[in-house]
1. I'd like the full set of residues that are open to solvent by 10 Å² or more (accessible area, probe 1.4 Å), touching a residue at least 40 places away in the same chain (Cβ under 8 Å) and closer than 26 Å to Val227 by Cβ, limited to the stretch 308-324.
2. Among the candidates Phe18, Phe67, single out the residue that is in contact (Cβ under 8 Å) with a residue 12 or more places away in the chain and over 19 Å from Ser178 (Cα atoms).
3. So in the stretch 295-307, with the set limited to residues that are of a type in the set (A, V, I, L, M, F, W, C) and surrounded by fewer than 22 Cβ atoms within 10 Å (Cβ to Cβ), which one is farthest from the chain's Cα centre (by Cα)?
4. Scan the stretch 240-268 and report the pairs whose first residue is at positive phi and whose second residue is open to solvent by 30 Å² or more (accessible area, probe 1.4 Å) and not basic (Lys, Arg), with Cβ atoms within less than 8 Å and a gap of 6+ or a chain change.
5. Hey, could you check the stretch 183-195 for residues that are open to solvent by 10 Å² or more (accessible area, probe 1.4 Å) and touching a helix residue (DSSP H, G or I) at 6+ places or on another chain (Cβ under 7 Å) and say which is modelled with the lowest pLDDT?
6. Please determine, by comparing only the residues of the stretch 33-49 that are buried (at least 21 other Cβ atoms within 10 Å of the Cβ) and at pLDDT 85 or above, which one is nearest to Ala86 (Cα to Cα).
7. Of the conditions (1) open to solvent by 40 Å² or more (accessible area, probe 1.4 Å); (2) modelled with pLDDT of 85 or more; (3) not hydroxyl-bearing (Ser, Thr, Tyr), Gly223 satisfies every one except a single condition; which number is it?
8. Name the residue that is farthest from Lys44 (Cα to Cα), counting only residues in the stretch 259-281 that are small (Gly, Ala, Ser) and assigned to a helix (DSSP H, G or I).
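The values are calculated or read from the model by the stated rules, or taken from the named source; none is laboratory data. Predicted model, so just to flag it, every value in this text is computed and none were measured. Heads up, the Cβs are rebuilt from the backbone with ideal geometry, glycines too, and the neighbour counts pull from every protein chain shown. Surface accessibility is based on the protein's heavy atoms, side chains included, excluding ligands, DNA and RNA. Shrake-Rupley method; radii C 1.70, N 1.55, O 1.52, S 1.80 Å.
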Amino acid sequence: MASFINLPHSPLKWINDFLMAIFFLFAGMEIKRELMSGELSSFKRAILPFGAALGGMVVPALIFMFFNMGTAFSHGWGIPTATDIAFSLGIASLFGKRVSTSLKIFLMALAIIDDLGAIIVIALFYGAKVGGMYFLFAAFLYGLLWLCNYTKMKPGIIQLVLSLLLWYAILNSGIEASITGVLVAFAMPVNSLPKLEKVIHGAVNFFILPLFALANTAILIPGDISVSLNSTIAMGVIAGLVIGKPVGIFLFSRVLVALKIAKLPSQTYWKQFLGMGTLAGIGFTMSIFTTTLAFKGELYRDTAKIAILVSMMLSLVISWIYFRSIGQPRSRKSIIRSGQVGGVDAEIALG
């Protein structure tokens, strides 16, 4: 019956196509809230995390391509471009005062933009051939959702039915169905976001994400794991997340600050900023999700997932060692005297 009406044909597909759409709805609401009234609400606030996030996607993708250029696996370049918001912020919180509040806020903004970038990558590069009729039907339904918002209609059963139909149309159009969640979030009135976030927060964090992880990380560990880790897939993922993420974030940020287009967050200096980049190398949820779309063979998926888990542990350990070595953040006055405030001249900063 499910296949007759073109619905997901297995429990795993329901998790990845439908339940993850609810996760993306939650992520989309966070993105919209930040864009409208949060850390990303103005050009001055948003330019550095946008630039940092771009660097944290471009460099890992290039590193993966370097290892897999000319192979059948090059399509997996999107895997090491993602940052897991929950894990990275959770680890940052465990480090206590060694990671300043302003740096945690910046990491959150960067991770949110990173999620948006990953969503765009998935939509553009990891969908099937787009079916015209279903795509037009989806566009019509999405227009109706925006019309509900424009007419200030109170969110209710009409929007719910339109959202479910939109998911069905996108599923059958060939575009990744989970993207529906972000589209719905963007079409919602801002004042309704906090209430809905509160409603689905528990389900997303305590049911959907654990179920997704359980269903998608049931990895068959090979007898000789070194064979998997020596593959170009694993080397590209590990090098991309563990090295590419901090390097890309740091370099792009350095350039923006040097050109005086942006400035570092308050109470933050470059050594600490580099450490924050290592936390961004934790890409668990979105990286695994991209893996399920990038590779069809279970062997290749398992290899990438093993690499993601190894990268997660390496990024965690490196971050812990790094932040212990640089100590707790100093006062702003001492930071300015050392000339480490975003490359700004100390005399100007003191003046």
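1. Leu309, Val310, Met312, Leu314, Leu316, Ile318
2. Testing whether each residue is in contact (Cβ under 8 Å) with a residue 12 or more places away in the chain and over 19 Å from Ser178 (Cα atoms) leaves just Phe67.
3. Only one residue fits best here, namely Leu299.
4. Gln267/Thr101; Gln267/Pro329
5. Val190
6. Taking the candidates together, the pick is Pro49.
7. In the conditions (1) open to solvent by 40 Å² or more (accessible area, probe 1.4 Å); (2) modelled with pLDDT of 85 or more; (3) not hydroxyl-bearing (Ser, Thr, Tyr), Gly223 misses (2) alone.
8. From the stretch 259-281, those small (Gly, Ala, Ser) are 262, 266, 275, 277, 280-281; that's our starting set.
Next, only the ones that are assigned to a helix (DSSP H, G or I) stay: 275, 277.
Numbers: Gly275: 23, Gly277: 21 Å.
Among those that are small (Gly, Ala, Ser) and assigned to a helix (DSSP H, G or I), it is Gly275.
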